[in-house]
1. Provide the gained length on full extension for the span Val20 to Trp40, in nm with one decimal, where the gain is 0.36 nm per separating residue minus the Cα-Cα distance.
2. In the full protein assembly as shown, how much of Thr35 is accessible to a 1.4 Å probe, in Å² to the nearest 10?
Amino acid sequence: MGYYGGNLSLQLAWDGVPEVSKSFVITLYDPDAPTGSGWWHWW
């Protein structure tokens, strides 16, 4: 499995985050991944 493009990360920002928050998890389902069933990406 490879990728095409610049392998760039998007700039993300949040407003109104509770002060007790320590981290975020971002998931993205990629239905076009060459696995036959898609692929979950997480950061």
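The values are calculated or read from the model by the stated rules, or taken from the named source; none is laboratory data. Predicted, not measured: the structure shown is a model, and the values here were computed from it. Side chains are part of the model used for accessible areas, which takes the heavy atoms of the whole protein and leaves out ligands, DNA and RNA. Shrake-Rupley method; radii C 1.70, N 1.55, O 1.52, S 1.80 Å.
1. Additional length available on full extension: 4.5 nm.
2. 50 Å²
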